[in-house]
Amino acid sequence: MSAVLRSTMLAAARSPRLERTITRLPLSRAVVARFVAGTTTEEVVRATETLLRSGRFVSIDYLGEDTSDLAGAEATLAQYRTLIAALGALPRSEVAPGAVRPLEVSVKLSALGQALPNDGHAIAREHARQICAAAEAAGIWVTVDAEDHTTTDSTLAIVRELRADYPWLGAVLQAYLRRTEDDCRAMAGPGSRIRLCKGAYDEPESVAFRDKAEVDASYLRCLGVLTAGAGYPMIASHDPAVITAAGVGVQAAQRKTEEYEYQMLYGIRAEEQQRLAAAGNHVRVYVPYGDQWYGYFMRRLAERPANLGFFLRALVGT
Ligand code: FAD
């Protein structure tokens, strides 16, 4: 996709006016269902059971971001409590302490209040702490998503702080940020779970690589740092070149299957997910659900011309 079209799509992803228009289109729900596993806890739990039965793990994201009031942040926290309780009630085999947990939730700190004036950082940290406590009791992992670069320092500080009590707490690093190779070095220590992705926001040249080849090269450098480190790399990409390089890297580092995992998004390259799982790899699917699908959906359209084409074809009814 051209850089201009991608930037335009990503700007649209943050436009409340376009959100009102697009979410009212009668076709939207059916089209969105390709990337989003429903709007209710019951629907996402059903999708989870199907994925677990197929030998894949899950990370579930309650959609929503950029919460602008405390009530919204508290409502998100309540949704995560309900979700974790429902996941905790699923029948599953015992997971040994320290072992890979098949169930995980992903959280966006901006949905938990990070952008609220004055004490947003502390509010988001407290909400995230409560989610970690509930998840720990239910035998579920948590990973904190990465959002735009203005939030990175606050987000990583919160992760570092919460890891004192919840050492399994994961963080996401975005290879398109110029700082990320250093962040990988700083965060590749024992027990550290890092999900490495390319990055999905429209970032300025001053902080991010904007050229695709540069982003891809950065991803491979960062992956090399994580694979050589002592933590648990989570390789979040659909890119065949990344998946091949990761396979070579983990072999060279003599990592066992339970010492890394592949991750992909719900509805994207499902056959490749199955192939990797059938070959004995751990594969986790990031499963979003909820009413506030607009920003997430638009970022998926911005990633790939075929995704945008799929939406436009549905729009004109062909
Ligand atoms: P791209 O460079 O987009 O694609 C490379 C190649 O992958 C394509 O050429 C094609 O061969 C293949 N491919 C990609 N999409 C498809 C498709 N639909 N069908 C078939 N082939 C395809 N971003 C954030 O900014 N913050 C986050 O917290 C975050 N969390 C994520 C969690 C997970 C588990 C994943 C998988 C991604 C996450 N992302 C996040 C999104 C990520 O940053 C990228 O925007 C997204 O994954 C696309 O990059 P890519 O690595 O798949 O490769």
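Each reported figure results from applying straightforward, stated rules to the coordinates on display, with no laboratory input. All values derive from a computational prediction rather than experimental measurement. Glycine also receives a Cβ, built like all others from the backbone with ideal geometry; neighbour counts cover every protein chain displayed.
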* Highest mean first, what order results for 239-247, 140-148 on Cβ atoms within 10 Å? -> 140-148, 239-247
* Structure fact -> Under the helix-only model (-39500 (n - 2.57) for each DSSP H run of 4 or more, divided by the residues of the chain), the mean residue ellipticity at 222 nm, to 500 deg cm²/dmol, is -15000 deg cm²/dmol
* Taking 286, 219 and counting other C-beta atoms within 10 Å, the order from fewest to most -> 286, 219
* Could you tell me which of rounded, prolate or oblate describes the chain, using a ≥ b ≥ c as the square roots of the eigenvalues of the alpha-carbon gyration tensor, with rounded for a/c under 1.5 and, failing that, prolate when a/b is larger than b/c and oblate otherwise? => rounded
* Beta bridges by DSSP in the chain, antiparallel share as percent, to the nearest 5 -> 5
* Structure fact -> Looking only at aspartates and glutamates whose Cα falls under 15 Å of residue 212's and that sit 8 or more positions away or on another chain, we get 202, 203, 239, 303
* Structure fact -> Mean separation of Cα contacts under 8 Å (at least 6 apart) over the residue count of the range 112-172, i.e. the relative contact order in percent, is 30
* To do: Work from the charge dipole of the chain (Cβ charges, +1 for Lys and Arg, -1 for Asp and Glu, about the Cα centre) and give the residue of 32, 131, 207 farthest towards its positive end.
  => 32
* To do: With a 10 Å radius around each residue's Cβ, average the other Cβ atoms per peptide and rank 221-228, 168-175, 206-213, highest first.
  => 168-175, 221-228, 206-213
* Relative contact order %, the chain, counting alpha carbon pairs below 8 Å whose residues are six or more apart -> 24
* Take the alpha carbon gyration tensor of the range 1-140, find the square roots of its eigenvalues, order them as a ≥ b ≥ c, and report rounded if a/c is under 1.5; if not, report prolate when a/b exceeds b/c, else oblate. => oblate
